[in-house]
Amino acid sequence: MAFVQIVEYETDRADEIDAQMRAAMQQRTGQPSFTRMMHTQDRDNPKHYMTIVEFPSYEAAMANSGNPETDAMAKQLAALCTSGPRYYNEEVLLSMP
């Protein structure tokens, strides 16, 4: 069954975070280990964001988390947050189209 990591944070520097995420994805070597990634903004609180990353398995998610490129990007992005980041590791119990 799939596995999802959620990164929740608040920032006043959303444009910088978006630019760094896009640059990191372009510079990444090889295929991404995740199946899908969504970067979301809260409509009720525009400074609140979540990045939701779907992986084929827990093991794939942990391998991605242990990747030095992922760690470097996470540290850069954390420096741009006003709150967080908070990380959630979620087993997918049900997924519908």
Exercise for review: Quote to one decimal, in nm, the extra length available between GLN20 and SER65 on full extension: 0.36 nm per residue of separation minus the C-alpha distance between them.
Suggested key: 14.5 nm
Check your understanding: Out of the chain, which chymotrypsin sites (Phe, Trp or Tyr not before Pro) are coil in DSSP terms and have no more than 15 other C-beta atoms within 10 Å?
Key -> none
Revision key, fill the gap. Along principal axes, largest first, the alpha-carbon spread of the chain in whole Å comes out as 35, 32, 20
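No lab work stands behind these numbers, since they all come straight from the coordinates. The shown structure was predicted, so the numbers you read here are calculated from the model rather than taken from an experiment. Methodologically, a virtual Cβ is constructed for each residue, glycine included, from the backbone with ideal geometry; neighbour enumeration extends over all protein chains shown.
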